[in-house]
Every structure is written in structure tokens, then in C-alpha cells.
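Structure, as C-alpha cells:
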Amino acid sequence: MDGLFQFGMSLFNEGYKMSDSNYVVTNEPTKVSVTLGYTLNLGNFQSLRLDLGVVDSSRNGETVDQSFERVYKFVEDKLTEKIKEAQEEAAEA
């Protein structure tokens, strides 16, 4: 029973912080998650799948849309970089 109570409390506190002095509930920053993927055809019925995902919190003064665009651009740029690396390695093989 004790384990169930502790588990329930951890679910209740997820996403919230309790201030020790005033017991005020405050929301955590909004989290944004972006995952992109790409399948690279290597020929001869072979392929390489690249997936990249990032979860990040909104920054101060940033809207959810701005957070999403920032994280999306980061993931897109990194995935593009990794695709180019994979294409170069595949060309060498």
C-alpha cells in the first residue's frame, strides 16, 4: 500500500513544483518534442534508416510555436548533416 501511495504522489507532482515556503503550485515550462526520420536507399535492396528526436522546454518569453520552430530547425539541421555523412560513407563503400 505504501508503494502505491508514493507512486500516486509522483504522478500528482509530475509537471508541477511545490514551493516549500508557501505551498504554491507552479507549472513547469511547456515541453516540445520533434522527431524526424529519413530512409536512405543504398541500392541492391538495402537501406539505412536515420531517426533523430529532441525534447526541449520552452524558453522564457517564447511561445509554443516559437519553441517548436526552434527545436524543429535544430532537428532538421542535425538530421540533414547526418544524412550527408551517411551518403558520403555509402559512396565510399
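The values are calculated or read from the model by the stated rules, or taken from the named source; none is laboratory data. Keep in mind that this is a model prediction, so the values were computed, not measured. Cβ: placed from backbone, ideal geometry, glycine included. Neighbour counts: every protein chain shown.
Tabulated values for the structure
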{"read-out": "Entirely in region 1-63, the strands (runs of 3 or more DSSP E) that have 3 or more residues that are modelled with pLDDT of 65 or more and among the charged types (D, E, K, R)", "value": "46-57"}
{"read-out": "Residues within region 48-93 that are in contact (Cβ under 8 Å) with a residue 40 or more places away in the chain and polar (S, T, N, Q), tallied", "value": "1"}
{"read-out": "Condition broken by Glu81, with the remaining ones in (1) loosely packed, with under 13 Cβ neighbours inside 10 Å; (2) at pLDDT 95 or above; (3) not hydroxyl-bearing (Ser, Thr, Tyr); (4) not in a helix (DSSP H, G or I) satisfied", "value": "(4)"}
